[in-house]
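Bear in mind that the values in this text are calculations on the coordinates, not laboratory data. The shown structure was predicted, so the numbers you read here are calculated from the model rather than taken from an experiment. Cβ: placed from backbone, ideal geometry, glycine included. Neighbour counts: every protein chain shown.
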């Protein structure tokens, strides 16, 4: 059933300008990142969204459902890009550079740095299996592109090193109080080829072609789920 209007707002106007559902997600994201999932109540989420508490349950059945929506929004855009890249007949190293760049850029541009939520113990629950399936599939795309790049079998360690490099954007943003450099995604993508042990393939042509391929895909921004 399509959800339309909820209960009246506690405060007039939408904080995000995008309606109640997005107001709830934005408020919850801010609270989960700063206070932690376990320490955040639905009442606090409602207050942050300018809504009555009952409105939260109009849009979401539980706090778990809100968390699921938030973390899916951090991986689905990259997963969609990966699927498109896997269809390309471009050289493996170009596609690996492009995926690492796009993935790091999405994490870099996320205004709330929601990737921090990957460390929430709550994600170990069965309710979050969809998130883990999508994330595992994204990691498998890295494996395929690593193998296309090197012509050799990629081990779990090989994949974990590249994925860890990309996701280090999350922890770096969390540690630093100042904005991280705009060229961070490109530097991460460059380092991915070094980790793949093909530094000789890291050329301006590789970067240019990877950027061109991504531009043709018109990738979605952070938080895109639909």
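Observations
- Largest first, the extents of the alpha carbon coordinates of the chain on the three principal axes equal 60, 37, 32 Å.
- Mean residue ellipticity, 222 nm, helices only, the chain: the sum of -39500 (n - 2.57) across DSSP H runs of n ≥ 4, divided by residue count and rounded to 500, is -20500 deg cm²/dmol.
- When the chain is treated as a GNM with alpha-carbon contacts under 10 Å, the residue of 31, 18, 67 showing the greatest mean-square fluctuation is 18.
- Order of 131, 32, 37, 119 - criterion: other Cβ atoms within 10 Å of each residue's Cβ, fewest first: 119, 37, 131, 32
- In percent, rounded to a whole number, the relative contact order of region 20-60 is 42, using alpha-carbon pairs under 8 Å and six or more apart.
- For region 160-206 versus region 40-62, the inter-centroid distance based on Cα atoms is 37 Å.
- The GNM of the chain, with springs linking C-alpha atoms under 10 angstrom apart, assigns the highest mean-square fluctuation among 75, 94, 157 to 157.
- Choice from 209, 177, 43 showing the highest fluctuation, given a GNM over the chain with Cα pairs closer than 10 Å: 177
- Taking every C-alpha pair closer than 8 Å and separated by at least 6 residues, the mean separation divided by the residue count of region 65-217 gives a relative contact order of 37 percent.
- Cβ-Cβ distance of residue 61 and residue 87, R₀ of 45 Å, FRET efficiency by 1/(1 + (r/R0)^6): the value works out to about 0.80.
- At 0.692 mPa s and 37 °C, Stokes D of region 20-60 from Kirkwood alpha-carbon radius, µm² per second: 339 µm²/s
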